[in-house]
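Participant: Questions regarding the structure given below will be posed in turn.
The values are calculated or read from the model by the stated rules, or taken from the named source; none is laboratory data. Keep in mind the model is a prediction, meaning the values are calculated, not measured. Glycine gets a Cβ as well: all are built from the backbone with ideal geometry, and neighbour counts include every protein chain shown.
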Amino acid sequence: MSTVAAAVPHFARIRPSAPAFSYDLAVVVPTFNEADNVERIVASLDLALDGIRYEIVFVDDWSGDGTAARIAAIAADRTDIRVIRRFDRRGLSSAVIEGMMATMAPIVAVIDGDGQHDEKLLPRLFALVRSGNADVAIGSRYCANGSTGNWDSLRLRCSRAATRLSQMVLQSPVADPMSGFFVVRRDRVEALLPRLSGRGFKILFDLLSSSPEPLRAIELPFEFRARTAGESKLGTGVVLDYLVTIADRLIRRVLPPRLVMFATVGTLGLGVHVAVLRAMLAFENMRFATAQTVAVLIAIAFNFLINNAVTFRDRTLKGWRFVAGLGSFYAVCGIGALANVGIGVVLFSEHHRWWVSGVAGALVGSLWNFGAAMLVTWRKR
Ligand SMILES: Nc1nc2c(ncn2[C@@H]2O[C@H](COP(=O)(O)OP(=O)(O)OP(=O)(O)O)[C@@H](O)[C@H]2O)c(=O)[nH]1
Ligand SMILES: [Mg+2]
C-alpha cells in the first residue's frame, strides 16, 4: 500500500463527519479604506439577517488604513466572515464580481461597507430573489418612497443625469439602475460574466445592460444614509469610467463588435496597401497598374490573416480550409470591389457629388465584404 493510501483512513478519522455548512446568501462588501466602518457593518448585518444562513465576503483592495486587519480581528472566531485581499488592484465593479464568484451560496447581495445602505431591507430583497419573483432585487433611491438623503444639489443633479443616461441604454425600466445595493442569483451573474465590462463603479448597471434578455428586476425603496466615517471614493475618474461604459454599451447595441473589428482590420489593410504600393513604385519602370494589383492582393491576404486570427477567432480556419478560405475571401473582396465601383459610377452619373458617390460605393462594398465573409469564408460549421 502506498504511503498516501495508508494515510487516508487517518485523515478520514480526523475530518468532521458531516460536510461543511452551506450558506443560502453571501453578502459581498467591497471596501477601500473603511477601517472605522467594518465593525458596524458586520454588527448591523448580523442583526438584520437573523434567521438566514449567510456569510459575509469582504473584498478589500489593499486598503492602507488597516481595514483588512480589522476584518481579520472580527473574523478570528467566526467561519462565516472572509476577506479577499486584492493587491495592486482597484475598481468597485471588479471587486464585487470577484466576491460573488468566491462564494458557493446561490444568492448574493452587494452592500457598501460604509453603512449608507439600509441593511434592514436585505431580508425582503433576499426573499424576492429566492422565491423566483425577481432575478435581481434592488434597494432603490429613486423609486417611490426612496431617497438620496441629504445630498447637496450638485451631487443630486449629477446622479439624476447619470441615472437618466443609463436608463436610455437599458431595455428594462429600472428607476435606480446605478444602485450599489442589490440581491441577485449567482448563476445569473455567472452566465453574464463574459459580457460584463467589469470596469468602474456601477456593477448593477453593468449586469442589467449586459443581459441579452431583460432581467426581471424589482425595486424596494430605501433612504441613502450619510457617511459617518471614512471618505468617499467617488471622483472624476469614476465619472469618466462611467461615460466610457455607457459609450461602450451604445456602440455594442448599434454596431456588432465583429463588424467594428472587421472595419478596423480593413482600415489597417488600407495602410498595408499604401505601403506596398509606395515600395513597389520605388522600382524603376514599374507600371502603376502592376504595383496597384500587387498591393491589392497583399492587402487582401493581410486582411484575411488578421480576420482569421482575431475577428473570427472562434472560427479560425486551418490546414486546407485556410487555403480554401483565402481563395473564397479573394472572390468575396473581388465582388465587393465590383459593387463598390458599380454603385459609385451609377450615383455619380445621377449627378451626386463625387465624394458622396465614392463613399456610398465603398460603404456598400465593405458591408458586402463583411456579410459575405461571415456567410461564406468563415461560415458556421
Ligand atoms: N474593493 C474596493 N472597494 C471600493 C473601491 N472603491 C470604492 N469601494 C467601496 O465601495 C463602496 C462605495 O464607495 P463610496 O465611496 O462609499 O461611494 P458612494 O457611496 O457612491 O459615495 P459616498 O456617498 O460619497 O460615500 C464603499 O464600501 C467603498 O469602500 C475599490 O476600488 N475597491
Ligand atoms: Mg458610500
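Participant: Of all the residues that make up the stretch 122-140, how many are within 16 Å of ligand 1 (Cβ to nearest atom) and out of contact with any helix residue (DSSP H, G or I) (no Cβ under 8 Å at 6 or more places or on another chain)?
Facilitator: Summing the residues that are within 16 Å of ligand 1 (Cβ to nearest atom) and out of contact with any helix residue (DSSP H, G or I) (no Cβ under 8 Å at 6 or more places or on another chain) in the stretch 122-140 gives 1.
Participant: Only one residue in Ser197, Ser153, Ser172 is surrounded by fewer than 23 Cβ atoms within 10 Å (Cβ to Cβ), in the same structural domain as Ser93 (by TED's automatic domain parsing) and free of Cβ contacts under 8 Å to residues at least 24 places away in the same chain, so which one is that?
Facilitator: Unique residue meeting the criteria: Ser153.
Participant: Counting only residues that are acidic (Asp, Glu) and away from ligand 2 (no atom under 16 Å from the Cβ), which one in the stretch 223-271 is nearest to Leu121 (Cα to Cα)?
Facilitator: Per the stated criteria, the residue is Asp241.
Participant: Of the residues Ser366, Ser349, Ser357, which single one is among the hydroxyl-bearing types (Ser, Thr, Tyr) and under 18 Å from Arg258 (Cβ atoms)?
Facilitator: Ser366
Participant: Give me a count of the residues in the stretch 173-187 that are within 11 Å of Asp135 (Cβ to Cβ) and in contact with a strand residue (DSSP E or B) (Cβ under 7 Å, 6 or more places away or on another chain).
Facilitator: The qualifying residues number 4.
Participant: For the stretch 265-290, what are the residues that are within 25 Å of Ala373 (Cα to Cα) and among the basic types (Lys, Arg)?
Facilitator: Hits for the stretch 265-290: nothing passes.
Participant: Just to check your reading of the model, which residue among Leu192, Leu208, Leu240 is in a helix (DSSP H, G or I), in contact (Cβ under 8 Å) with a residue 60 or more places away in the chain and assigned by TED's automatic domain parsing to the domain that holds Val108?
Facilitator: Among Leu192, Leu208, Leu240, only Leu208 is in a helix (DSSP H, G or I), in contact (Cβ under 8 Å) with a residue 60 or more places away in the chain and assigned by TED's automatic domain parsing to the domain that holds Val108.
Participant: Let me ask something else about it. Restricting attention to the stretch 79-89, report how many residues are in contact with a helix residue (DSSP H, G or I) (Cβ under 9 Å, 6 or more places away or on another chain) and exposed (fewer than 13 other Cβ atoms within 10 Å of the Cβ).
Facilitator: 1
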